[in-house]
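These notes are about the structure you will find just below.
Values quoted throughout were computed directly from the atomic coordinates according to the rules given, and no laboratory measurement underlies them. These numbers were taken from a predicted model, which means no experiment stands behind them. Glycine also receives a Cβ, built like all others from the backbone with ideal geometry; neighbour counts cover every protein chain displayed.
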Number of protein chains: 2
Amino acid sequence: MAELDSPALDSPAEAGLVAAWRELLARHAAAACMLDRELGDKYGLGMSEFEVLERLVEGCEVDGRPALRVAELAPTVHLSQSALSRLMARLEKGGLVTRAMCESDRRGVMLALTEAGRERYEQARPLHREVLRLTLGGVSGPACGESDAD
Amino acid sequence: MAELDSPALDSPAEAGLVAAWRELLARHAAAACMLDRELGDKYGLGMSEFEVLERLVEGCEVDGRPALRVAELAPTVHLSQSALSRLMARLEKGGLVTRAMCESDRRGVMLALTEAGRERYEQARPLHREVLRLTLGGVSGPACGESDAD
DNA sequence: GGACAGTACATGCGCATGCATTCAATGCAA
DNA sequence: TTGCATTGAATGCATGCGCATGTACTGTCC
């Protein structure tokens with residue numbers, strides 16, 4: 001209730017929140033920056049491009065097989081619909097994906113990896129994982145449970 | 001041909017890393033997006049602007065007192081030198097900070113909050129904290145079992 | 001059937017960012 | 001002192017993003 005004139009300090013809970021936020025910002029910046037640089041330099045892919053390719057690899061077969069629609073993909077990569085639309089245009093221009101009109105609903109666009117897209121992804125993946133290892137590796141802060149060592 | 005070996009699967013360690021990365025991406029996107037929107041709407045500040053003001057509040061007194069140099073500030077807010085330079089220009093144009101030439105090294109620029117800057121920060125802080133509470137609240141660690149399966 | 005609201009994606013636009021470059025000031029060496 | 005490499009910051013430029021809007025299509029209600 002006494003929040004009239006003690007504006008200079010956070011409560012302990014807030015301080016923890018802020019610390020967590022800064023930690024998150026630092027990790028995100030480190031990983032995103034290095035991913036963009038490394039993947040861009042060596043494979044011509046941005047961080048988001050790689051994420052999109054990965055979703056496509058996970059979600060569909062190669063070239064022509066059942067694929068994803070843009071609207072489904074957008075939230076999973078944390079991009080706006082317009083950003084994803086342009087990103088797909090870039091990938092399509094690079095020959096890594098194809099955009100085909102959806103038969104059942106001609107407003108929709110089916111996204112599918114090409115062979116080149118899959119190959120590019122496979123090539124880039126080790127580097128992506130290595131960057132994650134370098135930037136996130138080991139220190140995951142207040143780690144709860146290690147479920148990755150099965 | 002890439003799919004001969006076993007390139008389609010990550011090792012368990014890699015899978016954990018990727019899961020942690022996606023978790024981090026999701027939190028960052030949620031918090032950053034909401035912060036930008038809320039702070040922008042209500043106080044005319046971007047997320048990075050707020051972070052910069054916060055560093056200035058922490059690091060110096062009001063208007064004219066000892067301040068920070070751009071080069072010192074940049075890494076703490078994960079911005080490039082050029083981005084920070086422009087950001088400071090925006091804040092200065094808005095009357096929230098002042099840029100003064102450093103006496104001892106005239107290449108440097110001393111950054112200081114103005115009264116308006118401090119006030120704006122104090123006004124925006126509660127909203128900032130609330131957004132953090134909403135987006136990061138409670139869960140501070142990576143993957144404790146709360147994982148999505150898309 | 002025709003009009004209208006709603007959905008899916010593309011596009012115009014402005015903005016913030018990073019890289020490369022530039023300009024100014026400093027430090028060092030001859 | 002002059003000359004040169006280095007550092008701190010600002011700026012030109014290209015890029016990617018989100019918002020708002022436009023375009024094409026769908027489904028519904030009359």
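Remark: the range B:42-125 is approximated by an ellipsoid whose semi-axes, taken from the C-alpha gyration tensor as √(5λ), come to 19, 14, 11 Å, largest first. Counting Cβ atoms of other protein chains within 10 Å of each Cβ in A:25-33 and taking the mean gives 5. The simple spin-label model puts a point 7 Å past each Cα toward its Cβ; for B:LYS93 and A:LEU9 those points are separated by 3.9 nm.
In the range A:81-118, which trypsin sites (Lys or Arg not before Pro) fall in coil by DSSP and have 16 or fewer other Cβ atoms within 10 Å?
When the trypsin sites (Lys or Arg not before Pro) of the range A:81-118 are filtered for loop state and at most 16 Cβ neighbours within 10 Å, A:ARG106, A:ARG107 remain.
Label positions at B:ARG106 and A:GLU58, each projected 7 Å from the Cα along the C-beta direction, are separated by 5.7 nm.
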